[in-house]
Amino acid sequence: MVLGKGASSSLSRKMVDGAEDMVSNCNDFTVLVVDDDPVIRKLHDMHLKKFGLSAQVVENGKTAVDLCHFGATFNLILMDKEMPIMDGVEATKELRAMGVNSLIVGVTSRDSQYETQAFMEAGLDFCFEKPLTADKISFILQELNKKN
Amino acid sequence: MVGTTLSQELKNYIQSMHDQGVLDHHFDHVKALQNEENPQFVMEVISMFCQDAEIGVAEITRFLNAPVVDFAKVINFVHQLKGSSSSIGGQRMALACRELRQASENRDKERCLEIFERMKQEYNTLRGCLNAISQMERTILENETRRRNP
């Protein structure tokens, strides 16, 4: 399931066409993975590597906020919802309040539509259920290309 | 060739785990991430998962057996286990985690303990399966290395 602000029909498009262009355009994108689960961080990092991206990975929302506060910029932030210290909802609100206009994609294992909606309202561009797959990342990168 | 036979054996084993519902398609996604540049990726993910799961299970045991159960802490660890087991393809374990989380949110200690036993069984089954896969992956890699460096 994906929620998105005006989610396009691009989901239904085959990902193979134009994949090479997507990869060549992606090499300059900076990505931040925010997740307290090391297995998820490793999987997402590897998924992104397959698209020619290397990600910075952090364990909680506060570290993500601090990074941006001290000047780090990212084209894409993959934000887990439930994390210790500062969760994804709070971190997303703070990043948007700081003026961060990265593409922020929520990643959650929660099944509740209500909670996913609340996460979206914090300022996400899209929200996916864990784990991310190659198709979902393709979709995200297509949106990133449009944005940039 | 031994390597090819082992690869087929691995495929058959993974398929049988699918058929039994121990693994779902998420494991295939993990396997698909492995390539020549990262030939040990599956083994690394399995090792990481099992390490974290051992800690999670131990912590849940501790908190559920405390005189006063800290359900918030239980939920925290169950949430992590659910996420990682789901991502590695352990659908039955992930389902048990979901039920355990529900029982924890209801603050039902008895139900938590009952589901936790089932969750541990699913974890043991999953761990056995993943360890078998890891062993086969290791042997295939060793054979391939020997083949390239006679």
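Scanning the range A:83-110 for residues that are assigned to a loop (DSSP other than H, G, I, E, B), in contact (Cβ under 8 Å) with a residue 12 or more places away in the chain and surrounded by fewer than 22 Cβ atoms within 10 Å (Cβ to Cβ) yields A:Pro84, A:Ile85, A:Met86, A:Asp87, A:Met98, A:Val100, A:Ser102, A:Arg110.
Check whether at least one residue in the range A:64-76 is at pLDDT 95 or above, out of contact with any Pro (no Cβ under 9 Å at 6 or more places or on another chain) and in a strand (DSSP E or B), and report yes or no. Yes, that holds for at least one residue.
Of everything listed in (1) away from chain A (no Cβ under 14 Å); (2) under 30 Å from B:Glu105 (Cβ atoms); (3) at pLDDT below 95, the single unmet condition for B:Thr5 is (2).
Filtering the range A:61-74 to residues that are crowded, with 18+ Cβ neighbours inside 10 Å and either in contact (Cβ under 8 Å) with a residue 60 or more places away in the chain or within 14 Å of the chain's Cα centre (by Cα) (or both) leaves A:Gly61, A:Ala64, A:Phe74.
Residues in the range A:109-146 that are among the basic types (Lys, Arg), under 14 Å from the mean Cα position of the chain (by Cα) and modelled with pLDDT under 90: A:Lys130 only.
From the list A:Glu143, A:Glu121, A:Glu94, which residue is away from chain B (no Cβ under 14 Å) and in contact with an Asp or Glu (Cβ under 8 Å, 6 or more places away or on another chain)? Working first, answer last.
On the way: A:Glu121 fails: in contact with an Asp or Glu (Cβ under 8 Å, 6 or more places away or on another chain); A:Glu94 fails: in contact with an Asp or Glu (Cβ under 8 Å, 6 or more places away or on another chain).
A:Glu143 is the lone residue from the list that is away from chain B (no Cβ under 14 Å) and in contact with an Asp or Glu (Cβ under 8 Å, 6 or more places away or on another chain).
Within the range B:20-48, residues that are at the interface with chain A (Cβ under 7 Å from one of its Cβ atoms) and under 14 Å from A:Met46 (Cβ atoms) reach partners that are in a loop (DSSP other than H, G, I, E, B) and of a type in the set (Gly, Ala, Ser) with beta carbons closer than 7 Å, at six or more positions or on different chains, in the pairs B:His26/B:Gly89; B:Val30/B:Gly89.
With B:Arg138, B:Arg146, B:Arg127, B:Arg62 as the choices, which residue is part of a helix (DSSP H, G or I) and within 14 Å of the chain's Cα centre (by Cα)? I'd like the intermediate steps shown before the answer.
Values: B:Arg138 fails: within 14 Å of the chain's Cα centre (by Cα); B:Arg146 fails: within 14 Å of the chain's Cα centre (by Cα); B:Arg62 fails: within 14 Å of the chain's Cα centre (by Cα).
Matching residue, one of B:Arg138, B:Arg146, B:Arg127, B:Arg62: B:Arg127.
The values are calculated or read from the model by the stated rules, or taken from the named source; none is laboratory data. Keep in mind the model is a prediction, meaning the values are calculated, not measured. A quick note on method: Cβ atoms are made from the backbone with ideal geometry, for glycine too, and the neighbour counts reach across all protein chains shown.
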